[in-house]
Amino acid sequence: MKHNGRNVYMVSGGVTKFAKAIPKMDFRMRVKKAFDYALNDAGLTLNDIDGSVASYFADHFQRQLMSGIMVQDYLGLTPKPSKRVEGGGATGGLAFQTGYEEIASGRMDTCVVYGFENMSHVNTWKGNEFIALASDTNFDYPVGGFYTGYYAMMARRHMHEFGTTVEQLAKVSVKNHGNALHNPYAQSPMKLTVSDVRNSPMVANPLTRLDVCAMSDGAAVAILASEEKAFEITDHPVLIKGIGTGTDTMRLADRPFGKVPLLPNEKESDYKKLEYPGIHSFRAGRSAAKEAYEAAGITDPLNELDLVELHDAYTSSEIQTYEDLGLCKYGEGGSFIDEGKPALNGKIPVNPSGGLLACGHPVGATGIMQGVFAFWQLQRTIKKHFGNDKLQLPNPKRGLIHSHAGTGTYVTVSIMEAVK
Amino acid sequence: MTLNPNAKMEETQNGTEVYGFDPLIVKSHYEIDYIHSYAQDSEFFVALGHKKIMGSKCKKCGYVYGTPRGHCMMCGAETEWHQLPNEGKVHSYTTCYFGSEEFLPETPFHLIMVEFEGVNSLFMARLIGADAEDIYIGMPVKAKFRRNQRFLPTDVYFVPSEEALKAVDNSKNGKK
Ligand SMILES: [Zn+2]
């Protein structure tokens, strides 16, 4: 697939602090706070915005349909064009890419992508039930619908295929919760050890409470612009160099056992015996990476990327995603974390913000939050926005954001590049 | 014609449960019965009453599905019903100690993905009759069926097969 549209830049972003429950503000107010932060940071006003994309996952959480237009209305963006985009956990990533398309197509010169989720209006186990309704309600949900259960089976199979260990999974939790100690937006920063993770309550073996992200209330906003407009707004925009989107079957049971779609840094002989994706890997993640790398001209992701913000709803999915993104070969995800490569000071920092595990996962906001954190990293403005520069990477040029739905049903990858 | 400035809404005793006043947080109740059609998947649920697990086979490319679907994802052609074996192996497994609200009372429970000989894809099910630490990938399992059907996919569930027991006995006796 070729992307022949106009160049698209991110020019500003805003995030609310994610929390388990913030009953004093509703979703509209939260988006408004993040939106105003982004507008002020770039010196923009409402008049500068051509249109918007609304990003939220579930109508069930608040029993409110058309929440998108309620936000559009509250922000004062009516009667400008807007639409809602939804795709489970990848909603934020898909909406971000829809904003990209609005600019790339020439329809808009500026577009605000706003994401939110209000998950605190139901208890945690009812929330899990709603999320599980995003599995086939004929065949999967009634068997004991529980996403951590599905991911546990995928993690177990990854361990079986490749020898991945529970300690390697736990290291992801230690890393991400630890990074978040310096991120004021994060919901659950924690200094942990591998044994803390293993000793926390078992949710669905092998995944413990600290292998799994939490539910949150939160909002995030990204403002995108055309090249001409972007440089009018700021002398430090970030180029969205390429996007990719992959999909896979709704039911885990339907995943085929075929061949790996190869990245430029891989050979067919690397995977002679591997039946792919089965339930050990995310074919949608691989397809998304492949498309985005082609669009951005990346042939050696490990050496051509400086940071990754990926969808670590589970520690196991972070390890699986290292492989889908080609940061290492399939089967090497466990040793990748053992070698410290995704650490803050490692070869390629993965989830320097703390990821979903530590920042929280207000679904519709999550993929946009990743965009905002990557944007600040590439602008080298982490100190300004976080109040400290502990997480600022020295001189990042290129970042990757990755958003992921269901059991790997929709996955987006977007590549962002510093312009100076 | 009625124009009554003294009209008054009738008072009720229903009231509202309040969790807190700052901000005001109230209980809002919702429930619904759906008229859910299994549509082209119906045969699967009916067949469980005859102790048969029905998958699908593509009429064109021959791909065999461990969970039925009306059309083939490989080539787009229509599939036909295809009876699956009542024995298979554990492809992967977990034990859920927490769950969605609906299933919380059933925790802990085991979920497995079943692989069947000669079938190209898997089937998700419950496993009973084994402790969490005794389940393993490759474990032989056999299907059992509820007598009183609920027309849910859990009308079929799996238990360890006699073969799995034999494997344990053999390893205890030092045989492979
Ligand atoms: Zn076919």
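The rows are residues; the columns are (1) open to solvent by 10 Å² or more (accessible area, probe 1.4 Å); (2) farther than 25 Å from B:T95 by Cα; (3) at pLDDT below 95.
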{"site": "A:K191", "(1), (2), (3)": "yes, yes, no"}
{"site": "A:K259", "(1), (2), (3)": "yes, yes, no"}
{"site": "A:L263", "(1), (2), (3)": "no, yes, no"}
{"site": "A:E268", "(1), (2), (3)": "yes, yes, no"}
{"site": "A:L274", "(1), (2), (3)": "yes, yes, no"}
{"site": "A:P277", "(1), (2), (3)": "no, no, no"}
Which of the residues that make up region A:153-191 are farther than 25 Å from B:G99 by Cβ and either within 14 Å of chain B (Cβ to nearest Cβ) or assigned to a loop (DSSP other than H, G, I, E, B) (or both)? A:E161, A:F162, A:G163, A:T165, A:N183, A:P184, A:Y185, A:A186, A:P189, A:K191
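Quick check on my filter: what residues within region A:38-56 are among the hydroxyl-bearing types (S, T, Y), closer than 13 Å to A:I223 by Cα and either within 14 Å of chain B (Cβ to nearest Cβ) or buried (at least 20 other Cβ atoms within 10 Å of the Cβ) (or both)?
The initial filter retains those residues of region A:38-56 that are among the hydroxyl-bearing types (S, T, Y), namely A:45, A:52, A:55-56.
Then keep just the ones that are closer than 13 Å to A:I223 by Cα; that gives A:45, A:52.
Scanning region A:38-56 gives a single hit, A:S52.
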I'd like to check something: does region B:89-98 contain any residue that is open to solvent by 70 Å² or more (accessible area, probe 1.4 Å), assigned to a strand (DSSP E or B) and touching a residue at least 12 places away in the same chain (Cβ under 8 Å)? yes
Just the residues that are more than 13 Å from B:F123 (Cα to Cα) and under 16 Å from the mean Cα position of the chain (by Cα), please, taken from region B:79-97. B:T94, B:T95, B:C96
May I ask you to say which residue of B:F103, B:F116 is in contact (Cβ under 8 Å) with a residue 40 or more places away in the chain and either of a type in the set (F, W, Y) or open to solvent by 40 Å² or more (accessible area, probe 1.4 Å) (or both)? B:F116
Considering residues of region A:42-92 that are assigned to a loop (DSSP other than H, G, I, E, B) and basic (K, R) only, the residue nearest to A:P362 (Cα to Cα): A:R63
I need every pair where a residue in region B:49-63 that is part of a strand (DSSP E or B) has its Cβ under 7 Å from the Cβ of a residue that is within 7 Å of the ligand (Cβ to nearest atom), sequence separation at least 6 or different chains. B:C58/B:C72; B:C58/B:M74; B:C58/B:C75; B:C58/B:A77
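Filter region B:42-86 for residues that are among the charged types (D, E, K, R), more than 15 Å from A:R255 (Cα to Cα) and within 16 Å of the ligand (Cβ to nearest atom); which is most open to solvent (accessible area, probe 1.4 Å)?
Among residues in region B:42-86 that are among the charged types (D, E, K, R), more than 15 Å from A:R255 (Cα to Cα) and within 16 Å of the ligand (Cβ to nearest atom), the one most open to solvent (accessible area, probe 1.4 Å) is B:K60.
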Inspect all residues belonging to region B:10-18 and state whether any of them is in contact with a strand residue (DSSP E or B) (Cβ under 6 Å, 6 or more places away or on another chain) and either touching a residue at least 24 places away in the same chain (Cβ under 8 Å) or surrounded by 10 or more Cβ atoms within 10 Å (Cβ to Cβ) (or both). yes
Sole exception among (1) crowded, with 21+ Cβ neighbours inside 10 Å; (2) in contact with a helix residue (DSSP H, G or I) (Cβ under 8 Å, 6 or more places away or on another chain) for A:E102, by number: (2)
Do we have B:L127 as more than 9 Å from every other protein chain (Cβ to nearest Cβ), within 15 Å of A:M153 (Cα to Cα), open to solvent by less than 20 Å² (accessible area, probe 1.4 Å) and not polar (S, T, N, Q) here? yes
Six or more apart or on different chains, Cβ atoms under 7 Å: show the pairs whose first residue is in region A:21-45 and of a type in the set (S, T, N, Q) and whose second is buried (at least 20 other Cβ atoms within 10 Å of the Cβ) and part of a helix (DSSP H, G or I). A:T45/A:L39
B:L111 passes all but one of (1) more than 23 Å from A:R157 (Cα to Cα); (2) open to solvent by less than 50 Å² (accessible area, probe 1.4 Å); which number fails? (1)
Considering residues that are within 12 Å of B:P153 (Cα to Cα) and either assigned to a helix (DSSP H, G or I) or small (G, A, S) (or both), the number found within region B:31-42 is 2
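The values are calculated or read from the model by the stated rules, or taken from the named source; none is laboratory data. All of these numbers come straight from a predicted model, not from anything done at the bench. Note: ideal-geometry Cβ built from the backbone for every residue, glycine included; neighbour counts use all protein chains shown. Ligands, DNA and RNA are excluded from the accessible area calculation, which covers all protein heavy atoms including side chains. Shrake-Rupley method; radii C 1.70, N 1.55, O 1.52, S 1.80 Å.
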